[in-house]
1. Could you tell me which numbered condition A:Val49 fails, if it satisfies all but one of (1) under 19 Å from B:Gln34 (Cα atoms); (2) open to solvent by 10 Å² or more (accessible area, probe 1.4 Å)?
2. Exactly one of (1) without any contact (Cβ under 8 Å) to a residue 60 or more places away in the chain; (2) away from chain C (no Cβ under 14 Å); (3) open to solvent by less than 10 Å² (accessible area, probe 1.4 Å); (4) not aliphatic (A, V, I, L, M) is unmet by A:Glu88. Its number?
3. If you check A:Gly42 against the conditions, is it open to solvent by less than 70 Å² (accessible area, probe 1.4 Å) and touching a Gly at 6+ places or on another chain (Cβ under 8 Å)?
4. Which one of these does B:Ala27 not meet: (1) open to solvent by less than 20 Å² (accessible area, probe 1.4 Å); (2) of a type in the set (A, V, I, L, M); (3) within 25 Å of A:His62 (Cα to Cα)?
5. Scan the stretch A:64-85 for residues that are in contact with a helix residue (DSSP H, G or I) (Cβ under 7 Å, 6 or more places away or on another chain), free of Cβ contacts under 8 Å to residues at least 60 places away in the same chain and open to solvent by 10 Å² or more (accessible area, probe 1.4 Å) and report the count.
6. Which residues, taken from the stretch B:31-66, are away from chain D (no Cβ under 14 Å) and touching a Pro at 6+ places or on another chain (Cβ under 8 Å)?
7. Quick one: would you say A:Asp22 is over 18 Å from B:Lys40 (Cα atoms), modelled with pLDDT of 95 or more, open to solvent by 50 Å² or more (accessible area, probe 1.4 Å) and not in a helix (DSSP H, G or I)?
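The values are calculated or read from the model by the stated rules, or taken from the named source; none is laboratory data. The shown structure was predicted, so the numbers you read here are calculated from the model rather than taken from an experiment. Here the Cβ is made from the backbone with ideal geometry for all residues, glycine too, and neighbour counts use every protein chain on show. Side chains are part of the model used for accessible areas, which takes the heavy atoms of the whole protein and leaves out ligands, DNA and RNA. Shrake-Rupley method; radii C 1.70, N 1.55, O 1.52, S 1.80 Å.
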4 protein chains.
Amino acid sequence: MKQNALKLLDEILEQRKTASPDESYTAKLFSDGQDSILKKVGEEATETVIASKSGDKAEIIHEIADLWFHTMVLLKFHDLDSDDILKELESRFGLSGLEEKANRKK
Amino acid sequence: MKQNALKLLDEILEQRKTASPDESYTAKLFSDGQDSILKKVGEEATETVIASKSGDKAEIIHEIADLWFHTMVLLKFHDLDSDDILKELESRFGLSGLEEKANRKK
Amino acid sequence: MKQNALKLLDEILEQRKTASPDESYTAKLFSDGQDSILKKVGEEATETVIASKSGDKAEIIHEIADLWFHTMVLLKFHDLDSDDILKELESRFGLSGLEEKANRKK
Amino acid sequence: MKQNALKLLDEILEQRKTASPDESYTAKLFSDGQDSILKKVGEEATETVIASKSGDKAEIIHEIADLWFHTMVLLKFHDLDSDDILKELESRFGLSGLEEKANRKK
């Protein structure tokens, strides 16, 4: 089921994009605009580097999840979503082909 | 099918982690070690900010895909993978619950 | 006179390094430790990129001043100061030589 | 004499801004344009974080010097220079006042 987490999160972000800024952290972020979202992307990337150098696995997961989340907010800000990233990774690594082969093996 | 792209990429990264550095960019990155991977995470985050401010959607997708890819290399470096991030996002946003509800509606 | 600004700031930082965290933002930053200082370095670098892309000169000056300030806090955290950076830039660009020549011209 | 290093570096950058890109790394950077300079600012900030967490003082100095250098290139790109940053730090920390007092003590 996990594979749908990103899709569900995209849907939540779609709703929060037009919600009142009082309703949630994410609605406030959309309302504050692009620069606020970008500052968070930069912050979370730095925190990922710090967590990795500290070698704390729980922190690494926490910070990379934060980073992915804020890049998904940025994607939605530009009317894009996680699907655009997955398609790009698929085409870059030939993952659709690999997937086809994986399915044929079953 | 797209939902499996991250899982397939995790498998490719698992193989490249132990491959000879001559074989691919990714094998070289693992071989160069943590700091090289972290530099790429920082670079791609900055390039995401630049692409977003330039307003070029193809570039935004390209840079965020690069950023996700390099965070996945970092996860694998620490014996983690995309599944750890999806579980974290699920628990943070109650996505398993939402998914359950979504499934029940069908 | 301006040329001494960095030296004076180094002295202020030296005092605040051992001051009570209640006394100032900078004393609090030293007390919070390395990771807090590094997060600020990352944040200010991102804000410099954003300000530059926005093309707002007052903002660019504000953010680069913030970035230099927080790198000076980081230097002091490691018992270094702005002098170490100026010496490095001097030796890298042959500035002591240039300075000598500039002085001889007078 | 060190206090003039930034001023001399500003002058070098002024010359390289209009020099042929073949002549030096810095002339090439100006010719490549704003985004190339910003990528370097982001890279050097990340490398500063990595060097600090590694606790290697020579590396910390090296990376912060790189970071200051590239922010000075960025300033010059926007027709600003290190003087604008020193004035900002002076006014923020009341350094001109402190300097006056320091001079009066002599």
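1. With respect to (1) under 19 Å from B:Gln34 (Cα atoms); (2) open to solvent by 10 Å² or more (accessible area, probe 1.4 Å), A:Val49 is out only on (2).
2. The number of the failed condition is (3).
3. Details: open to solvent by less than 70 Å² (accessible area, probe 1.4 Å): yes; touching a Gly at 6+ places or on another chain (Cβ under 8 Å): yes.
In short, yes.
4. (3)
5. Within the stretch A:64-85, residues that are in contact with a helix residue (DSSP H, G or I) (Cβ under 7 Å, 6 or more places away or on another chain), free of Cβ contacts under 8 Å to residues at least 60 places away in the same chain and open to solvent by 10 Å² or more (accessible area, probe 1.4 Å) number 4.
6. B:Ser31
7. no
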